[in-house]
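Worksheet: the structure to be examined is printed underneath.
Only the coordinates and a few stated rules stand behind these numbers; no lab work does. Remember, it's a predicted structure, so these values are computed and weren't measured experimentally.
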Amino acid sequence: MRKDLNDARDLHGQAESAAAVWKGHVMDRRKKALTDYRKLRAFFEEEEEHFLQEAGKEESTPEDELADPAERFRSLLQAVLELEKKHRSLGLSMLLQ
């Protein structure tokens, strides 16, 4: 009976050690995920700022005042689509790293 008790204590100690190791792995992955999230967020904020600057340039050019509103809309829509495509590819590549 004493042997069984010692075996149970040993198994309990091993289980606690394994749990501590897994907890470390989980914390490492959590930190990495948080770091990646922050990088992506910063990237998208920079891209948004860049897009807003480009859109501001588009709106402030004198020829825009003379251009057809539908053409201006198509131009801005094309710029948005290009940025979305770029975001998807860069975001995916960052996640895959």
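Ignoring lysines fewer than eight residues from Lys32 along the same chain, the ones with Cα atoms less than 20 angstrom from its Cα are Lys23. Full extension of the chain between Leu90 and Lys3 yields a length gain of 25.4 nm, computed as 0.36 nm times the residue separation minus the alpha carbon distance.
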